[in-house]
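No value in this document is a laboratory result; all are computed from the given coordinates. None of these values were measured; they are calculated from a predicted model. When we count neighbours, we look across all protein chains shown, and the Cβ atoms used for this are built from the backbone with ideal geometry, even at glycine.
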Amino acid sequence: MSRPQSHTRSQLGASIPSLPRDSHHLDYPFFSGLLYNIVDLAAVATAGVMAYQATAQTALGTPGKLAILLGLFMTRVSFANWGLYDSWRGRSLVEQTGRLAAGWISVFIAMIILGYVFDLAQLFRRDWILTWFMLGGLFLIAARSAATLSLRLLRQRGWNHKRIAVVGTGDWARTVIRRLNNAVWLGLDVVAIVDHEGDRSAGKSLDGTPIVGGLERLPGLLSKGQVDEVWLCVPADGGGRVEEIERVQHLLRHSTVTQRFVPHFAEMRLMNRPMTQIMGLPVVNLSVSPMRVSVNRMVKAVEDRLIAALVLLVTSPLMILIAIGVKLSSRGPVLFKQLRHGWDGKPIKIYKFRTMRLHEGDRDVRQATPGDSRVTWIGALLRRTSLDELPQFFNVLQGRMSIVGPRPHAIEHNHFYMDQIDSYMQRHKVKPGITGWAQVNGYRGQTDTLEKMERRVEHDLFYIENWSLWLDAKIIVLTIVRGFVHPNAY
C-alpha cells in the first residue's frame, strides 16, 4: 500500500480551525483509578474492623491488624487482575459489580487457603472472616457504585472530559457521534470530524460538530493539543477499512494520542465472539450457543425447574379457576396445544389456556389483533394479563422450554421470517422462554411490521450472546416489576 504524502506539522496545522477549549475539559488519567483504589481499600478496612468488633467484642489487636493489612494487599492485587482499576468510563455498572464480586471472592479464598496452609488461626478466626466477607461485599458494592455515580455526575457538570476527533462522515460515524453527544455522563466530547475521503466536506458540520477536512488534517489537530483521542468510524467495507486504519496509524505515528477503531454493530458482534484453536488455527465462533457448555446447561436446567415448580405450586388454585372459566366460556378443550420450534429448531408442543373459539378448517395462523372476534371474553382477560401462558410452566418441567428465553413463534411465522430477517433462526440456539429480554423491553404482542420483528430478534440475539444467571434474574425481576399486563397483548 502506498504511503500518504509527507507534510510538516506546521503545514498541516496552518489551515486547521481553532477549536474551543473549555477549562473544564480536563483529563485526569489517574483520577478514577486513584478514587477506586481509595474507596475499595477503605471499604475493606472498615468492614474488617467492624466485623472484628462485632465477633470478638474487643478492640482490634495486632493479629487482627496484620490480617487486615494482608487483606488490603490481596484485595489490591486481586482487583487489579480482574481489571477493576482499568478505565470504566462508559462501561456497565452491572459488569463492574460482577467483577467486584468475583475479585472479592478470590481474596477470601486465598486468605482461607493461607490460613489453612500456615496454620494462622490467630489471624483468621472463622466467625470474623465470614462476617468480614459479607460486610466487605456490601461495603464494596455500595462504595464502588457511589464512586462511579459521582464520577458520572462530575462529567455531567463538565469535569473530567476527553476531546474526541472522529474519522468518518457516514451513517455509522453519525450514529457514534449522536450516542456520545446524548450520553453527557460519559464525558466524551466530539470536537472535530475528519472526512476520510478528502476535503470535500471541509467547512460543513455533522450533528453540530465541524468537519475540519481530510485525513491529512489530523496531525495538525494533535499538534495544537486540541484532541485527546482519535476514533476511526469508517464504512464497513473490508479492504477500504484496513487501508484507512493503516493510513491513520501512519499519519499519527509520531503521536502518543489514544487511537480507537469503532466497528459497526455487525462487526462488534463478530469481534465479541469467543475464539478457539483447531489444529493450531485461530477460529472465531460465529454461532455457538452458550448452552453447549454443559455447566451452563445444568445451571439453567436447575434454575428452570426450581422456579417452575414453585410457580405451579403457588398458582395451582388460580389455574383451576381459569380452567373452569375457559370451559364455560365456549366449547372446546381447556388447553390450546401447538407445535413450535424449540431448541436447535426441533418441533415441540407447547401448552396455553385456550383463549379463542374453535375455528376448524382455518389453516391460516393469524396473530390476534385488537377486537379480534375469535377471542372469548375470558380469553381477552387472560391475554391481557398473560395468564394464558401459565400452563407453559409444565413445558418447563418437561424440559421443552425455559423460564427465560426467546418467545416461541408459530412454525408458520418462522418459515416466513427466516427469509426476511438475517440470523432469525439463531434465536433457536437456546430453549424458548416464557419471558425474555425482548418482552421486558416492550417487544411483545403483535408484530405487524417487519421492523418490529427485527427489533424483537435483535433483543433475542443479545440475550443469547450475553446469557448469564444475572441476566436471567434481571429479566425475571423486570417481568414481575413491570407487570404482566401490556397494551400490545390482545
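Results, tabulated for the structure shown:
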item	result
Principal axes of segment 292-482: Cα extent on each, largest first, Å	46, 40, 30
Spatially near lysine pairs across segment 292-482, Cα under 13 Å, sequence gap of 8 or more or different chains	6
Neighbour cut-off at most 13 other Cβ (10 Å), DSSP loop, chymotrypsin sites (Phe, Trp or Tyr not before Pro), segment 78-152	Phe118
Sequence-distant residues sharing a close amide H with Leu188 (under 5 Å, placed H)	Lys162
Long-range HN-HN contacts of Phe261 with modeled amide H, under 5 Å	Leu232
Residue-wise HN-Hα coupling along segment 459-466, computed from phi with Karplus coefficients 6.51, -1.76, 1.60 (Hz; x: Gly, Pro)	5, 4, 5, 4, 4, 4, 6, 10
Modelled FRET efficiency - R0 25 Å, Val257 with Thr175, Cβ distances, 0.05 increments	0.65
